[in-house]
Amino acid sequence: MTKIIDGKAISAQIKNELKEEVAKSGLKATLAVIQVGKDPASSVYVGNKKKACEYIGVGSASYELPEETKQEELLKLIDDLNADDSINGILVQLPLPDYIDEKTVINRISPSKDVDGFHPESVGNLCIGQEGFVSCTPAGIIELIKRSGISIEGKECVVIGRSNIVGKPMALLLLANNGTVTVCHSRTKDLKEICKRADILVVAIGRPRMITAEYVKEGATVIDVGIHRTDDGKLCGDVDFDNVKDIAGAITPVPGGVGPMTIAMLMVNLIKAAKLVK
């Protein structure tokens, strides 16, 4: 019978572990969250991050900037937060308005406060196997797999998607856990045949319900990173869940799979950042 991997339950487990650690150690930590404009989805994500901070017993500082904020003003705020010893982690909610250069903003955050794991120094540490902050979604996926009792070592792993935030770090993390990794993308030939080899298939391609049973090996673990809203208002992922669930050995649903793990791992990174300055 197919195992439905419960991201809500596993993320709650991680947050409870952090809550207990904070209570026992008396560790102080504060996350600064910057949002430019009032994108409704971003506002929901920011709210959830602040709730997570409150739940585990750490602080959050919110900076809600108007849509017309200039790039120089945003960079000045980041500089001030970098210099503020009471702030342990800095998060700039993406996407930013078109006139602000995302790369410049990410690069301005101090690597020691880069709890999103997006700074080039964080990515470089991951590449060479050094300690550092790991992008939250891929780190969360590793926790989902491990805490579901699924071994990565020696497994054929296929990642569909090569973004800097998910695809590339995901491949590096699977490799670090001794998986044999293939990265696929929009130009990959014979995609179905490659996916069919996967013991662990991570899908972050950004196309609703693209991955059907004909892409999936019997008994494979299928991790769906995508999230889309259909015409009838329902949420779905990059994987056609109903079509795939009976062939997979384990699968994440959308919603309730990967999504909750991203915020849980953000909290893990924040606590790690606070320990660096103890």
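The values are calculated or read from the model by the stated rules, or taken from the named source; none is laboratory data. What you are looking at is a predicted structure, and each value in this text was computed from that prediction instead of being measured. Note that we place each Cβ from the backbone using ideal geometry, even for glycine, and neighbour counts take in every protein chain shown.
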- prompt: Restricting attention to segment 192-202, does a residue exist that is farther than 24 Å from Gly149 by Cβ and without any contact (Cβ under 8 Å) to a residue 24 or more places away in the chain?
  reply: yes
- request: Might you let me know whether segment 144-161 holds any residue that is buried (at least 19 other Cβ atoms within 10 Å of the Cβ) and either under 20 Å from Lys272 (Cα atoms) or at pLDDT below 95 (or both)?
  value: yes
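Determine, yes or no, whether Ala171 is among the hydrophobic types (A, V, I, L, M, F, W, C), out of contact with any Ser or Thr (no Cβ under 6 Å at 6 or more places or on another chain) and closer than 18 Å to Ile150 by Cβ. I'd like the intermediate steps shown before the answer.
Values: among the hydrophobic types (A, V, I, L, M, F, W, C): yes; out of contact with any Ser or Thr (no Cβ under 6 Å at 6 or more places or on another chain): yes; closer than 18 Å to Ile150 by Cβ: yes.
Yes.
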- prompt: Taking interchain pairs and intrachain pairs at least six residues apart, which have beta carbon atoms under 8 angstrom, with the first residue in segment 242-264 and at positive phi and the second among the basic types (Lys, Arg)?
  reply: Gly256/Lys8
Residue that is surrounded by the fewest Cβ atoms within 10 Å (Cβ to Cβ), among those in segment 23-53 that are among the hydroxyl-bearing types (Ser, Thr, Tyr) and touching a residue at least 12 places away in the same chain (Cβ under 8 Å): Ser42
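Select from segment 218-241 the residues that are among the charged types (D, E, K, R) and under 22 Å from Met261 (Cα atoms) and list them in ascending order.
Step one: filter segment 218-241 for residues among the charged types (D, E, K, R), giving 218, 224, 229, 231-232, 234, 238, 240.
Listed by number, the residues that qualify are Asp224, Arg229, Lys234, Asp238, Asp240.
Results for (1) over 21 Å from Thr252 (Cα atoms); (2) under 19 Å from the mean Cα position of the chain (by Cα), shown as yes or no for each residue.
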| residue | (1), (2) |
| --- | --- |
| Arg147 | no, yes |
| Glu153 | no, no |
| Gly167 | no, yes |
| Asn178 | yes, no |
